[in-house]
């Protein structure tokens, strides 16, 4: 393969393409071919500054490049590479209202306070791929590690949207009697800022975020977002995390339909739907046999920007409850595999209450229960996981 020609084909497009313009994910079939292309890129970028705008993911053998340049590549090197659109994805949240400091109903609903005598999630590292976090919030000051800002390298992953801070609060707020408490208050959060102030990100940003979590030996990844379309690159990096022993817990989406978004629909992820305060599947929540577990997701109070608090609804909020419960268990059983964790979450979930006309078999899993999870996880070894009836 002509590696010099490969990069020369891109240089003209790189010089005129907007920084956050349309992009493509270029994946190499062969690891040796990718290594050679990567080596040539490293040597050329010192002389060609435009090449520094190319982002890389050695984990899935990919480069992220401007769309127009990718069209040239596929014509010349179609036997060596595959190209897919770098799609947009959105956070899974609905509008909410400001609130005061309370013990969140969702934290109580999954029986997290009763579980704290057994585990508070100490030393468990959670990657939160989201909009960042408010490092000045008093309830989060002991819960946040430095993380990474994928949009502005070298800067702290500061939240300019609010969604990431809300997720962080449900996961690990430790405000005590004067503030908010999260599900796993002694776990350590690593914000991975992949989403901009509008709550939008590219698949390539998510790939880089998961890549970073794997390289930094994160224990769990919370992914409160999704998209309708399959992505080969996204699935590949989810597989890499799965085989590295990192559980990915993902929200199913807020369309109120059977089915759901990716990455939750990948079989390697733990798919989460939302229940309301009556423990019924929330009207906005996606549902179906592929859902592994439901978490509290309607009118959930948590931390917000400028040291505030806000109620939000969505499968995003449900996911952070489930990730927090998983962190409580991993603190006791750090050797659990993602597969074993999924089975325990499904086995220990409580039945959800059915709405008129609903059948339990069409909903998937039950409602998360942290206390039951810890009791089962500390005394038994998981049995083999049965295949799901719904395709991913």
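What pairs come out if I take residues in region 133-155 that are within 28 Å of residue 21 (Cα to Cα) and pair them with residues that are assigned to a loop (DSSP other than H, G, I, E, B) whose C-beta lies under 6 Å away, six or more apart or interchain?
133/159; 134/159; 134/305; 147/157; 149/155; 149/157; 150/194
Taking the stated definitions as given, is residue 71 modelled with pLDDT under 95 and touching a helix residue (DSSP H, G or I) at 6+ places or on another chain (Cβ under 7 Å)? Walk me through how you get there before you give the answer.
On the way: modelled with pLDDT under 95: yes; touching a helix residue (DSSP H, G or I) at 6+ places or on another chain (Cβ under 7 Å): no.
No: the conditions fail for residue 71.
Name every residue in region 151-161 that is surrounded by 24 or more Cβ atoms within 10 Å (Cβ to Cβ) and out of contact with any helix residue (DSSP H, G or I) (no Cβ under 6 Å at 6 or more places or on another chain), in order of residue number. Working first, answer last.
First, pick out the residues of region 151-161 that are surrounded by 24 or more Cβ atoms within 10 Å (Cβ to Cβ): 157, 159.
Residue satisfying the conditions is 157 alone.
Can residue 117 be described as surrounded by fewer than 24 Cβ atoms within 10 Å (Cβ to Cβ) and part of a loop (DSSP other than H, G, I, E, B)?
So residue 117 passes the test.
Counting only residues that are within 14 Å of residue 86 (Cα to Cα) and out of contact with any strand residue (DSSP E or B) (no Cβ under 7 Å at 6 or more places or on another chain), which one in region 35-68 is modelled with the highest pLDDT? Let's see the steps before the verdict.
Of the residues in region 35-68, the ones within 14 Å of residue 86 (Cα to Cα) are 54-57, 62-68.
Restricting the remaining residues to those that are out of contact with any strand residue (DSSP E or B) (no Cβ under 7 Å at 6 or more places or on another chain) gives 57, 68.
Working: 57: 95, 68: 76.
This residue is 57.
Considering only residues of region 175-184 that are modelled with pLDDT of 95 or more and over 14 Å from residue 137 (Cα atoms), which is surrounded by the fewest Cβ atoms within 10 Å (Cβ to Cβ)?
From region 175-184, those modelled with pLDDT of 95 or more are 181-184; that's our starting set.
With over 14 Å from residue 137 (Cα atoms) added as a condition, the list becomes 183-184.
Numbers: 183: 33, 184: 35.
Looking at residues that are modelled with pLDDT of 95 or more and over 14 Å from residue 137 (Cα atoms), I get 183.
Being in the same structural domain as residue 318 (by TED's automatic domain parsing), in a strand (DSSP E or B) and under 23 Å from residue 185 (Cβ atoms) is the requirement here; does residue 167 meet it?
Numbers: in the same structural domain as residue 318 (by TED's automatic domain parsing): yes; in a strand (DSSP E or B): no; under 23 Å from residue 185 (Cβ atoms): yes.
Criteria not met by residue 167.
Just for region 274-322: of the residues that are out of contact with any strand residue (DSSP E or B) (no Cβ under 9 Å at 6 or more places or on another chain) and more than 21 Å from residue 227 (Cα to Cα), which one is modelled with the highest pLDDT?
Among those that are out of contact with any strand residue (DSSP E or B) (no Cβ under 9 Å at 6 or more places or on another chain) and more than 21 Å from residue 227 (Cα to Cα), it is 305.
The values are calculated or read from the model by the stated rules, or taken from the named source; none is laboratory data. Computed from a prediction, not measured in an experiment: that's the story for all the values here. Quick reminder, even Gly has a Cβ in these numbers, built from the backbone with ideal geometry, and neighbours come from all protein chains shown.
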